[in-house]
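Everything on this sheet refers to the single structure shown next.
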Amino acid sequence: MRIAKVLLAAGQSSRFDGCKLIANVGNNKTMIARAVDVLQQLDAGAVYVVSGAWHNEITQALKHYNNVEIICNLDWQQGLGKSIALAANQLRHSDGWDGILFMLADQVELEACDIQQLVTRFQNNPTRWCANYGERLGVPAIFPHDDFDLLITLSNDKGAQHLLRESGGIVNCVLLNKASADIDTVEQLNCYTAKQALN
């Protein structure tokens, strides 16, 4: 099955002092580069990165990467749903996609093996699959091709969670506690990098 891999990275990082996506998260790796690395480990297909507020910074950080396509969301201020809709709209015109995987660029504790759990289950049962954080459902999530038309209707801050919680469709989930860890502030980044240094 062909699954499009989409990294959502259009936000402003309003609680961070600057662009968090180019911050070093260890091993001289930026946050955005680490996320791309995780998705590239899944298969040889392209990684689609939806940029926005920090488009130039993201483009520069990924300039040496192969097989990465950057989709610029000029309406990034409208929220996460707009980024999802933009990516789905672009990908639905490409033949052969069985599903679309969404991941947030700041989910710094996720590894390829975590995402692979979702991919494997989707391959065996091509319906909606998402992470269960223990208290709620969210991304990373995979939506089947039949959902593409629904995805492009998203707007504002109604992102994937809106579909997972309120659309009434069947949603399967995998317990991925690490998916709940993201970076919003400099303090959170410092705690994360300090923990990484001890490992």
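Every residue, every condition in (1) open to solvent by less than 20 Å² (accessible area, probe 1.4 Å); (2) of a type outside the set (D, E, K, R), yes or no:
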| position | (1), (2) |
| --- | --- |
| 9 | yes, yes |
| 15 | no, no |
| 18 | no, yes |
| 38 | yes, yes |
| 46 | yes, yes |
| 58 | yes, yes |
| 62 | yes, yes |
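State whether the residues of the range 77-86 include one that is touching a residue at least 24 places away in the same chain (Cβ under 8 Å) and farther than 30 Å from residue 189 by Cβ. Scanning the range 77-86 turns up no residue that is touching a residue at least 24 places away in the same chain (Cβ under 8 Å) and farther than 30 Å from residue 189 by Cβ.
For the range 130-186: of the residues being of a type in the set (Asp, Glu) and either part of a loop (DSSP other than H, G, I, E, B) or farther than 22 Å from residue 94 by Cβ (or both), which is modelled with the highest pLDDT? Explain how you work it out, then say what you get.
In the first step, residues of the range 130-186 are kept if they are of a type in the set (Asp, Glu); the result is 135, 146-147, 149, 157, 166, 182, 184.
Right, trim to either part of a loop (DSSP other than H, G, I, E, B) or farther than 22 Å from residue 94 by Cβ (or both) and you get 135, 157, 166, 182, 184.
On the way: 135: 76, 157: 65, 166: 63, 182: 85, 184: 89.
Per the criteria, the residue is 184.
Just for the range 64-93: of the residues that are among the aliphatic types (A, V, I, L, M) and open to solvent by less than 30 Å² (accessible area, probe 1.4 Å), which one is nearest to the chain's Cα centre (by Cα)?
Filtering the range 64-93 for residues among the aliphatic types (A, V, I, L, M) gives 68, 70-71, 74, 80, 84-88, 91.
Narrowing the set further to residues that are open to solvent by less than 30 Å² (accessible area, probe 1.4 Å) leaves 71, 84-85, 87-88, 91.
Values: 71: 13, 84: 10, 85: 13, 87: 11, 88: 13, 91: 15 Å.
Step by step, filter the range 64-93, then rank; the result is 84.
You will find that of 119, 139, the residue that is open to solvent by 10 Å² or more (accessible area, probe 1.4 Å), among the β-branched types (Val, Ile, Thr) and within 19 Å of residue 182 (Cα to Cα) is 139 and no other.
The values are calculated or read from the model by the stated rules, or taken from the named source; none is laboratory data. What you see is a predicted model; the values in this text were computed from it and never measured. Reconstructed Cβ throughout: ideal geometry from the backbone, glycine too, with neighbour counts over all protein chains shown. Heads up: the accessible areas ignore ligands, DNA and RNA and are worked out on the full protein's heavy atoms, side chains in. Shrake-Rupley method; radii C 1.70, N 1.55, O 1.52, S 1.80 Å.
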